[in-house]
Every structure is written in structure tokens, then in C-alpha cells.
Amino acid sequence: QVQLVESGGGLVQSGGSLRLSCAASGSIFSLNRMGWFRQAPGKQRELVATITSDSAIRYADSVKGRFTISRDNGENTVYLRMNSLKPEDTAVYCCWLWYGNNYWGQGTQVTVSS
């Protein structure tokens, strides 16, 4: 049983910063991918950033240069540092882990006010 527990969402003004964390627990092999997706009201879920266990990283074009993903393999934790936040970044951010199957966290709300 794999569980993903997110933290760090909230309300921030445009131009502000937040850091999201996601801790994975359960039977997890070290070779996996973790990352973040987001879903805004009325929109489809979209990839934000992913990182493999050997730190290969992928970002959505919309967040490149503003967001930084990182991970602590020993703790099975992934982080998302979000700088220069914009109102269009407002969404529910969900942690994701791939280890044979897709696993999802419950999601954490990020709201950016203008």
C-alpha cells in the first residue's frame, strides 16, 4: 500500500512563493518517478514537473524558470518550490508517484491572488 501525503499549499499574492512537499510511504522500490500535476477549475489535469530517482527532470513550459522540483530519495519525498506565482497557477496540486502503477495524493490547494 503506497500513500502520498502532501503539504504546503495555501493562499499567496501574485509574485509570491510557496513550497509543496509530498512524502511517500509504503512498499516503494527506489527506482521510481515522482512529481506534481495540477488541475484548475473547469480544466483538465496537467503536468507541472516530474523527477526520476536519478534526478532527470521535466517541467511544463508554463512553469519553467519559476518552479523547481527536487527530491530526497532517502526520505521518498518530493518538493516543488514555486516562485513568481501568477493567478493562473491557482489549482489543486496533486503529488504523483509511478512505481509500476500510478499513485496520487489527495491534493493541496494553491490560490494566487492578483
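Under the criterion of Cα pairs below 8 Å and six or more residues apart, the relative contact order for the stretch 42-114 equals 20 percent. Residue-wise HN-Hα couplings along the stretch 39-44, as the Karplus relation 6.51 cos²θ - 1.76 cosθ + 1.60 with θ = phi - 60° gives them from phi, are 9, 8, x, x, 10, 6 Hz; Gly and Pro carry x.
Which peptide among 17-24, 49-56 comes first, and what is the full order, when sorted by highest mean count of other Cβ atoms within 10 Å? Spell out each step's value before the answer.
Values: 17-24: 18.5, 49-56: 15.1.
Result, highest mean first: 17-24, 49-56.
As a fraction of the 1.4 Å probe accessible area of the chain, surface on carbon and sulfur atoms comes out at 44 percent. Across the stretch 80-88, rounded Karplus estimates of 3J(HN,Hα) from the backbone phi angles (6.51 cos²θ - 1.76 cosθ + 1.60, θ = phi - 60°) give 9, 8, 10, 10, 6, 5, 10, x, 6 Hz, Gly and Pro being marked x.
Taken over the stretch 1-105, the alpha-carbon convex hull comes to 95 cubic angstrom per residue. From most to least packed by mean Cβ count within 10 Å, the peptides 93-100, 106-113 give 93-100, 106-113. Solvent exposure of the chain amounts to 55 Å² per residue of accessible area, where only protein heavy atoms count and the probe is 1.4 Å.
Checking Cβ-Cβ separations below 4.7 Å across the chain identifies C94 as cysteines lacking any candidate disulfide partner. Backbone geometry of the stretch 18-28 corresponds, through the Karplus equation with coefficients 6.51, -1.76 and 1.60 at θ = phi - 60°, to 3J(HN,Hα) couplings of 9, 10, 9, 10, 9, 9, 9, 9, x, 7, 10 Hz, x marking Gly and Pro.
The values are calculated or read from the model by the stated rules, or taken from the named source; none is laboratory data. Source: prediction; values computed, not measured. With ideal geometry, Cβ positions are generated from the backbone for all residues, glycine too; neighbour counts draw on all protein chains shown. In case anyone asks, the SASA skips ligands and DNA or RNA and just uses the protein heavy atoms, side chains included. Shrake-Rupley method; radii C 1.70, N 1.55, O 1.52, S 1.80 Å.
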